[in-house]
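A quick write-up on the structure given underneath.
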Amino acid sequence: MQLFYNPTISEANSSFVFDKEESKHIIKVLRKKESDILFVTNGLGLVFTTKIALASDSKCTVTILLVDKHEPLPYRLHLAVAPTKMNERYEWFLEKVTEIGIHKITPIICEHSERKVVNIDRFQKIIESAMKQSLHSFLPKLNEPIAFKDFLKLDFNGQRFIAHCEETNKKSLKTVIQPNQDVTLLIGPEGDFSVKEIELALDNKFIPVTLGTTRLRTETAAIVAGHTVVLTNEISS
């Protein structure tokens, strides 16, 4: 199965026309032809089974045959992760957590952040590609970068965690996650959160956690944390 993504397709449609770029990819690159079946998601939990009615490389047109509704998970996972010095490492993280299953991602700019500017458009394309590759029907929401202190002023539902490397009293993430509850989890930059930032997070009711006995890179820590939350919920279901 190959999954396509378009946010404008809806249950109100009986047919749908892909834009020129996607049409060219479908007809010229994938060599699809009339009557071939295509699966399309709107990123909101709907998967459309469609049949090519017009195999045009400028406006590939499909007829919608069936709509499958996928129910959202009983929890939402929000990872707030500082951008890495090397862009490709953050892009790799975005790809993998999308495959694993996540709902929201926010780049947070911290005191020790070596990178404070990111290419949101490129990040968005990576997330969309990973969603299609992994056959997810829900597209994770990617937020604009935000300063750490401003992020803490937002409203949060469910559990709140901060993973850091300071030698303080911390609990293992896997032992404190409560299934079927929303989770917001903070991951710092290569230089870790500052002591001041950790204290500020604790003041805002974030629970300090550890992800294991080894020191992990930012992107690895984020993937481990995301997988721990997803796996804990899968085991409990």
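Worth pointing out:
- Applying a threshold of 29 Å to the alpha-carbon distances of K85/K132; K32/K85; K104/K205; K104/K174 flags K32/K85 as lying beyond it.
- Within the chain: Cβ-based charge dipole about Cα centre, in debye rounded to nearest 20 (Lys, Arg +1; Asp, Glu -1): 320 debye
- Where both bridge residues fall in the chain, DSSP classifies roughly 40% of the beta bridges as antiparallel.
- Dipole of the chain computed with +1 at Lys/Arg Cβ and -1 at Asp/Glu Cβ about the Cα centre; of F148, V62, L46, farthest Cα towards the positive end is V62.
- DSSP finds beta bridges in segment 50-168, and of those with both partners inside it, around 35 percent are antiparallel.
- Principal-axis tilt of helix 87-100 within the chain, Cα atoms, nearest 10 degrees: 70 degrees
- Inverse of mean 1/r across different Cα pairs in segment 38-117, Kirkwood, Å: 15.9 Å
- All Cα pairs of the chain, percent lying beyond 23 Å: 53 percent
- Kirkwood Rh and Cα Rg combined as Rg over Rh, evaluated for segment 141-184: 1.00
- Binning all Cα-Cα separations of segment 177-216 at 10 Å, short to long from zero, yields these whole-percent fractions: 23, 52, 24, 1.
- Aspartates and glutamates whose Cα lies under 17 Å from that of K170, excluding same-chain neighbours fewer than 8 positions away: D192, E197, E199, D203
- Calculated [222 nm] ellipticity per residue, helices only, for the chain: -8500 deg cm²/dmol; basis is -39500 (n - 2.57) per DSSP H run with n ≥ 4, divided by all residues, nearest 500.
- Euclidean distance of C-alpha centroids, segment 173-214 and segment 140-172, integer Å: 6 Å
- Taking 19 Å as the straight-line reach from the Cα of K28, the aspartates and glutamates in range (excluding those fewer than 8 positions away in the same chain) are D19, D36, D57.
- Karplus-derived HN-Hα couplings along segment 184-200 (A = 6.51, B = -1.76, C = 1.60, θ = phi - 60°), whole Hz, x at Gly and Pro: 10, 10, 9, 10, x, x, 4, x, 6, 5, 6, 4, 5, 5, 4, 4, 5
- The distance between label points at K116 and N169 comes to 3.5 nm (points 7 Å beyond Cα on the Cα→Cβ vector).
- The modelled label-to-label distance between W92 and L66, using points 7 Å beyond Cα along the C-beta direction, is 3.9 nm.
- Degrees between helix 120-133 axis and first principal axis of the chain (Cα, 0 to 90, nearest 10): 70 degrees
- Förster-model FRET efficiency, 30 Å R0, D150 and R76, C-beta, rounded to 0.05: 0.90
- Its Cα gyration tensor gives segment 70-191 an equivalent ellipsoid, and the semi-axes of that ellipsoid, as √(5λ) in whole Å with the largest first, are 22, 20, 13.
- Rounded to the nearest 20, the size of the Cβ-charge dipole of segment 52-177 about its Cα centre is 240 debye, with Lys and Arg at +1 and Asp and Glu at -1.
Quick note: the coordinates plus some simple rules give every number you see, no bench work behind them. As the structure is a prediction and not an experimental result, all values here were calculated from the model. Cβ: placed from backbone, ideal geometry, glycine included. Neighbour counts: every protein chain shown.
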